[in-house]
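Below: one structure, written as structure tokens.
The values are calculated or read from the model by the stated rules, or taken from the named source; none is laboratory data. On a predicted model such as this, the values are computed, not experimentally measured, just so you know. Neighbour counts are summed over all protein chains in view; Cβ atoms, including those assigned to glycine, are modelled from backbone coordinates with ideal geometry.
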Amino acid sequence: MSTGTGLRNDLRSRNHPAFWAFAVHRVSGVLLTLFLPLHFWALGRALSGEAALDGFLRWTERPLVKFAETALVLLLAAHLGGGVRLLLLEFAAWRGWQQTLLALAAAFSVAAALAFGLNVV
């Protein structure tokens, strides 16, 4: 097997919906992990006193923070969908309509984020 053929096969596999589901699941997991220290810091504001918490809550009313909250909901929904997908791959045999389920999981993630965003703004 030549190196060129292996590279072409590798690039073709990256255009498969399952690869993108894998990538979204991994990236959402990393981004959620990076968010956790900020979340714990924000919770710590409540322990620093009422003034510190009120100042933080006023800061969260900014449009960019509201957008980031919506993005966070999208990340959570995408990560949940990816986790369910992995569980189904492990325990169920539904290979024939796997692409449809991937599309439904993506649609659910976007719908959850939009519903949250429209409710917040």
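One residue alone among Ala78, Ala115, Ala51, Ala106 is of a type in the set (Gly, Ala, Ser), surrounded by fewer than 12 Cβ atoms within 10 Å (Cβ to Cβ) and assigned to a helix (DSSP H, G or I), and that residue is Ala51.
Within the stretch 56-69, one or more residues are farther than 24 Å from Pro17 by Cα, of a type in the set (Asp, Glu) and surrounded by 11 or more Cβ atoms within 10 Å (Cβ to Cβ). Condition check for Gly82 on (1) free of Cβ contacts under 8 Å to residues at least 24 places away in the same chain; (2) in contact with a Lys or Arg (Cβ under 9 Å, 6 or more places away or on another chain): one failure, at (1).
Within the stretch 40-65, being of a type in the set (Lys, Arg) and modelled with pLDDT under 90 holds for one residue alone: Arg45.
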